[in-house]
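Pasting a structure here, questions to come.
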Amino acid sequence: MTNPLLTPSTLPFGLPTYAAIRDEHYIEAFDAGMAEQRAEVAEITANPEPPTFDNTVVALERSGQLLARVSRIFFGIAAAHGTPGIQQIESDYSPRLSAHADAIQLDPALFARIRAVHDDAEAMATLDAESRRLVERYLTELTAAGAGLAEEATATLRDLNEQLATLTTRFQNDVLAETADGAVVVDDPADLDGLTPGEVSAAAAAAADRGVDGHVLTLRNTSGHPYLASLTSRAVRQRLQEAQVTRGSHGGEHDTRSTVIDITALRARRAAVLGYPNHAAATLADSTAGSPEAVRDLLARLAPAAARNARAEQAELEETAGQPVAAYDWAFHSAQVRREKYAVDVAALRPWFEAERVLRDGVFYAAGRLFGLTFHDRPDLHGWHPDVRTFEVREEDGTPIGLFLLDLYSRDTKKGGAWMNSLVLQNTLLDEPYAVVTNNLNVPRPADGEPTLLTLDEVNTFFHEFGHALHGLLARVTYPHFAGTRVFRDFVEYPSQVNEMWMLWPEVLANYAVHHETGEPLPQDVVDRLIQSRSYGEGFATTEYLGAALLDQAWHALAPGERVADADAFEAKALTAVGLDNPAVPPRYRTSYFSHAFSYGYDAQYYAYIWSEVLDADTVAWFGENGGLTRANGDRYRQFIIGIGGSVDPLASYREFRGADPDIAHLLQRRGLA
């Protein structure tokens, strides 16, 4: 059989031919792709002509098309449907791909040619702005990777990078295994009191899938779990919470703590080779924040007030409960207080949040109002799993711009959380006019015939991830280097967080929040109380987030040669040092399952969410000041923010959009920290 990965897909928009791809095809395609790019780069460096933008930078940008295409397809699959065969390929090829990238990034002849192009001021002046930025970014990124160092140092870097690729893949696979294996089995249906019929049916379906009796509560990627707000059985809540927070720390083959210690020690050594005092400094040198000190200044400004707010919330909860509140009690009693104080029962809202209506009449509707986009089912185009749905996205005038693929439900082969991927990158250099993007969520699948009813948090996640999808769909660039969400890590969360605002925007909420059985809209008095209650619990939410962000910074502030002996003790000490050691408010991710920091590329950059939220809160204020959900506002936001990809300096473009620097006051007010 011909390997379908070796040539571009002939399907509409370049969608991969998933039905024809076999595991062994990835192996052949990875090998061929690496060989092809090595030959292309060798041709660049052997060119006897003086280095120019076209024969060096553009040639490098054109190189590796096969490898890039295969990598996007494979790693999308590895996250969304990581079967044992896929996991084995990932384990085998992650270090090989790392070595391949190093062979290019650390090639002294290639680096010398790019530096020569950069240093030719006269030639640079003739380039358009995006082309000049491409040269500058290549020089910056290759320098950050270690290009230009002595041969001994680059050899050390190659070895460290290869080891890190192996370890981060191991961490990811171990967390996936722990999340699947740690699911809580409930024998007595009475112990599920408080869950909705849909949640109970999802637990029954999960048990049937695993071939066990009773009901199974599958785990989520965070320290908390949505069911903790509803389960009336304190014993079951405790079991579920403990299963969540002990993943990766049981001992045995999937214990991740020693892997974390190895990863952070190697990252610190790598930073030293690059000339930095620690991994955080090396990583943040090329970011909008610029340094760990800037990050720590922001987080330290927020942490004391957040911790005080959380303690005040805890005292209120304990008064309501009449007993000390543990981590597994917090969400349950918080829901009670919200019901009493605001007459809002968040769990009872689920009948108004049926997934299909949220998608079409909420998520898609807001994008249509703001950008004029329309979304059309393409049942003829299939994804990597039967759950995946495909939609063609068009401009208001009917011009197609790409595809959106949605994978809604959780399964044991899917990593936790929610995310966006790009399968095809819009760019004009390679004549790829369309973008193909994906959203993955982890909503429990109800039993056949039952509606999929979302929690308020899941609705928020839907809007958030679709903000990333819009970023990938709407960016229009010349070079693939800048396509879609290829921006600084501490900027990429900004557009997705902005998109969350439409969840409760009056005309959007009214369009999708309809009872799935009666057709009745969500009553206005409930809407008003829901909006009033949104600020409740910010002490907990901010504290758990900051705990993870500061934990990430602590692990990556280790000096070269400094090796942690006990991961649990290190975590406890780091949280105590910043006053976030409240046992009732565990960090959003503990070390042993902190995939953002140890396998997803957010190492030393988990702060990005709140750093981006400064821009987000300021932008929400701008929309409020300028009429809200209008095409004019959407066009301006598209022009300066999500339509430019990484082709322009993001903060400079933000200032053009806003007419000023972002004002942190809006974030402080939102988080109750003013």
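If neighbour count is taken as other Cβ atoms inside 10 Å, put Ile44, Ile642 in order from fewest to most.
Fewest-to-most ranking of Ile44, Ile642: Ile44, Ile642.
Taking 0.36 nm per residue of separation and subtracting the Cα-Cα distance, what length does fully extending Ala572 through Val212 add?
Additional length available on full extension: 125.9 nm.
Here's a follow-up. With θ set to phi - 60° and the Karplus curve 6.51 cos²θ - 1.76 cosθ + 1.60, what are the ³J(HN,Hα) couplings of the stretch 54-62 in order, to the nearest whole Hz, using x for Gly and Pro?
Working through the residues one at a time gives 6, 7, 10, 6, 5, 4, 5, 5, 7 Hz.
Now for a separate question. Post the alpha-carbon centroid distance, the stretch 219-251 to the stretch 144-179, in whole angstrom.
Cα centroid to Cα centroid, the span is 32 Å.
Stretched out fully, how many nm does the piece from Glu122 to Glu43 gain, at 0.36 nm a residue minus the Cα gap?
On the way: separation 79, 0.36 × 79 = 28.44 nm, distance 2.54 nm.
Stretched fully, the Glu122-Glu43 segment lengthens by 25.9 nm.
Rounded to the nearest 0.05, what FRET efficiency do Ala632 and Arg234 have when you use their Cβ-Cβ distance and R0 = 45 Å?
On the way: r = 53 Å, r/R0 = 1.17.
Approximately 0.30, to the nearest 0.05.
With 10 angstrom as the radius, rank Glu507, Glu130, Glu493 by how many other C-beta atoms surround their C-beta, starting from the fewest.
Glu507, Glu130, Glu493
Something else now. Give me Arg247, Arg655 sorted ascending by neighbouring Cβ count inside 10 Å, so fewest comes first.
The most exposed by this proxy come first: Arg655, Arg247.
For the stretch 350-533, what is the percent of antiparallel DSSP beta bridges, rounded to the nearest 5?
In the stretch 350-533, DSSP labels about 70 percent of beta bridges as antiparallel.
By the scheme Lys and Arg +1, Asp and Glu -1, what is the net charge of all other residues having a beta-carbon under 12 Å from that of Leu6?
Around Leu6, the charge tally is -2.
Further question: Could you tell me which of rounded, prolate or oblate describes the stretch 266-333, using a ≥ b ≥ c as the square roots of the eigenvalues of the alpha-carbon gyration tensor, with rounded for a/c under 1.5 and, failing that, prolate when a/b is larger than b/c and oblate otherwise?
Prolate shape, in that a/c is at least 1.5 and a/b is the bigger ratio.
Measuring from centroid to centroid over Cα atoms, what is the spacing of the stretch 370-394 and the stretch 287-335 in Å?
Measuring centre to centre over Cα atoms gives 39 Å.
For Asp380 and Glu625, compute 0.36 nm times the residue count separating them, minus their Cα-Cα distance, and round to one decimal in nm.
Extending this stretch completely gives an extra 83.9 nm.
Using a basic spin-label model with each label point 7 Å from the Cα along Cα→Cβ, how many nm lie between Arg529 and Ala150?
7.1
How charged is the neighbourhood of Asp181? Take every other residue with its Cβ under 13 Å from the Cβ of Asp181, and add Lys/Arg as +1 and Asp/Glu as -1.
Charge balance in the 13 Å sphere: -3.
Each value in this text was obtained by applying a stated rule to the coordinates, not by laboratory testing. Computed from a predicted model, the values in this text were never measured in an experiment. Note: ideal-geometry Cβ built from the backbone for every residue, glycine included; neighbour counts use all protein chains shown.
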